[in-house]
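These notes are about the structure you will find just below.
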Amino acid sequence: MEKEQKFDETIRMGLEIVKETEEDRLMTLSVGPQHPGSGHFRFTIKVDGDYIVYCDPDPGYVHRGEEKMCEYRNFIQNIPHLERPVIHDSTNITYSYSLAVEELANIKVPLRGQYIRALASELNRQVYTLYWLGIYGIFLGHSTMFMWPLGDRELFIDLLEALTGARVTHAFNIPGGVRNDMPEGFEERCLRQVAYFEKRLAEYEDIFYNNPLFRQRTEGVGILTKEDAIKLGVTGSVLRASGIPFDVRKAEPYDIYNEIDFKIQYMKSGDSYARSMVPFLDMKESCNIIRELLDKMPKSGEVRAKLQPNPKGPAGESYKRVESGRGALGYYIVSDGTPKPYRVKLSVGSFRNMLALPFLLIGSKLADMPSIYWSLNYWPVEADR
Amino acid sequence: MDSDQSKTQNNSEQKKSSSDSTQTSISKKTESVTPEFEGSLINQIVTRFSDKLVQVIYVRPGRTKILVPPNEIVQVASFIKDRLGFDHAESVSGTDYPNDNQIEVIYHLSSYSDDKLSSQILALTTRVDRNESRMPTLINIFKSAEYHERETFEMLGVYFEGHPRNERFLLPEDWADIPPLRKEFRIKGR
Amino acid sequence: MIKDLVNPTNFNLLVGKLGDVLIRALDLPLGYAINWGRIWSLWPVHLETACCSVEFGAASGPRYDVERFGIIEAFGSLRQCDLIVVQGTVTRKMAPRLRMVYDQMPDPKYVIAMGACAITGGLYIDSYNVLPGVDGIIPVDVYVPGCPPRPETLIQGCMLLQEKIKRSKIR
């Protein structure tokens, strides 16, 4: 009896010594701007052992005040600094701006200009998605998948450099069309490049998407159901990976996209694997779109509408959106009749997808963090504008 | 597609018909053809809530805009979500009108689940006073507006009652100036 | 004579003179060797400041392979790095973090300011949140202009830094 009591005493004392409170178990990590796995973005997470229980994103490290700067420049002077949020997808972010300004100032774009705009937009989509895929590879430690997309991306950048004159920040789209026409022999080069790239895409599928380690790290991880995707208002490839076939090019065709026949690529599972597969399928479909565009393009014509030096329109407002690499990119422009806009608001896909980050991270393991975070197709510079 | 051509036609007609009106006046739809589907959407809202509460600003192909007072916005938003089928907010932003002494907060709403509404964007707007800018939040109805409302708070100073975090988001931690998107905030040198 | 040499004061003087001769003889080749080691293994910190990071990433790609110069951007800890490439605009929010990262790097450390925004503020000079140039907070060794600079320009900037290191005295 005495022995039992003593035993209980010891156990009770031992438990009191090592008793840990709820507060002691949580550890706060700051996945900050200087981190190999975060980019120019910081989020604070609290981990309980191996599970994440709290996540708070902290953007703003690249907030340069784009919207305020737009109010001090003309409609055309806004193009160079508005394409800097995503410099490697710069055609799409200025495409939507040009569409909105054309509606405000009532400018008609010639047909060949519309085709060239769409062609540059598709080429840029490939360039962006390949960079995203490369960084995804290196986040998961697959350095071959960093080298291969970056190498193939250089070939597309060569095409864009022949077309526009610059590697990444093209300043090619302006309200009224594009700046210059295609050079000689561009179409053959483009078709050859697209044929080569389709062969390479088959190799990507082999080495990356059928890799058992990659599949284990991304299948079943960070599942976003269809209802949650609609409720959170995500966009782009994140939305299409959760089973909703929505693409702005089909829902609300702008320019000549109503004459192009393509299928929306979507998957139903909603996990990280689907979110990494949908941009890959988009790239495959983009190759077909490029071929069709080159086929249907009018052989000659103007590419730019003749404008006054300071185009302006009557007071009004306009909201236009375009499907970029990250999702629907919308511009809300208010004009008050002067050549400078009164208010420009960008609604970017990255900012909307950021809402899914705490939602998906809470409850998942710490080791799954890079594969969830980068699969949300989040580019920090664009979200901060 | 027809809507594209009719959109440009409609726009040119509206631009010709409306005079040099500033944002405060309602543009009159005199000669242009009101699109039917969008008109029917707006009619449902106007018949449910009276004409005094809901002001229709414009009805264009694909884009519509209504103006409601700040204390009624929650009811109108829940009607739009439950009956009409708009399910998420594409963007939430604010525009500063110092001439009217008001700030206009505008919610662009769209739909993923309904096919006919997927190309429609309904702009639900309200005007709050510039000095006493408070309005109820809509995140209980449209959860996708959460971060956008927080950004509108820090950029324009509009306080959303009921929002869990009316805090600074994108600006640096030691920001001690007025909200930057207000018109009296001049950037350096201009 | 030998008693003279082993005298303490003389012995000290002799050792001192020998030491001087040795240092002057070895300083040059040792300096070359150490500088050669530093030049061909500049490891940059993984801190991306703004949009020029895309061109820095492209420079690590297979076409403009910057790894053949020893610049491998794959290290988690910044206590092992000796190069910081300020890639683009530095905002007021990022500036204290940049300074903290610079302070934590061990000596000798070098700074490359890449892009027009890091040199003077560039396109965003009149924004409310942007620092006009990064040389107000950290000392810069090489300025690489461009918006964004091509990867070849960045490599030329690295080679200029290598020339600068070659000519410097070791400490």
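Nothing in this text is a laboratory measurement; each read-out follows from the coordinates by a stated rule. None of these values were measured; they are calculated from a predicted model. Reconstructed Cβ throughout: ideal geometry from the backbone, glycine too, with neighbour counts over all protein chains shown.
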- Message: Cut-off 15 Å, label point 7 angstrom out along Cα-to-Cβ of A:ILE264: give me the residues of segment A:321-362 whose amide nitrogen falls inside.
- Response: A:322-324, A:327-329
- Item | Proxy reagent accessibility, fewest Cβ within 10 Å first, across C:THR89, B:THR137 | B:THR137, C:THR89
- Query: Tell me, what is the FRET efficiency for A:THR28 and A:ARG192 to the nearest 0.05, using R0 = 60 angstrom and their Cβ-Cβ distance as r?
  - Reply: 0.65
- Task: Take peptide A:30-40, look around each residue's Cβ out to 10 angstrom, count Cβ atoms belonging to other protein chains, and average those counts.
- Result: 5
- Message: Using the Cα centre of the protein assembly as shown as the reference point, and only Cβ charges (+1 on K/R, -1 on D/E), how large is the resulting charge dipole? Debye, rounded to the nearest 20.
- Response: 1520 debye
- Under-20-angstrom lysine pairs by C-alpha in segment A:254-385, whenever the two are 8 or more apart or on separate chains: 10
- Item | Cα→Cβ-extended label distance, 7 Å offset, between C:ASN7 and A:LEU307, nm | 9.3 nm
- Indicate the helices, whole DSSP H runs only, in chain A that combine a mean Kyte-Doolittle hydropathy of -1.0 or more with a Cα extent along their long axis of 27 angstrom or more. A:111-139, A:144-164, A:272-296
- Query: What nm distance separates the two modelled labels at A:SER143 and B:ARG168, each placed 7 Å from Cα along Cα→Cβ?
  - Reply: 4.0 nm
- Query: Ranking B:GLU38, A:GLU187, A:GLU259 by Cβ neighbours within 10 Å, fewest first, what do you get?
  - Reply: A:GLU259, A:GLU187, B:GLU38
- Message: Run the simple label-point estimate for C:ARG63 and B:ASN131 please: 7 Å along Cα→C-beta, distance reported in nm.
- Response: 6.0 nm
- A student applying the Cα gyration tensor rule (rounded when a/c is under 1.5; otherwise prolate if a/b is larger than b/c, oblate if not) would label segment C:48-165 oblate
- Query: Starting at 0 and stepping by 20 Å, how many percent of the alpha carbon pairs of the protein assembly as shown end up in each bin?
  - Reply: 16, 47, 27, 7, 3, 0, 0
- Note on the structure: Only helices counted: for the protein assembly as shown, with every DSSP H run of 4 or more residues adding -39500 (n - 2.57) and the sum spread over all residues, [θ] at 222 nm is -12500 deg cm²/dmol
- Message: Straight-line reach only, C-alpha to C-alpha below 19 angstrom: list the lysines that C:LYS164 could link to, leaving out same-chain residues fewer than 8 apart.
- Response: C:LYS109
- Query: What residue among A:ASP48, A:ASP58, A:ASP24 shows peak mean-square fluctuation when chain A is described by a Gaussian network model with Cα springs under 10 Å?
  - Reply: A:ASP24
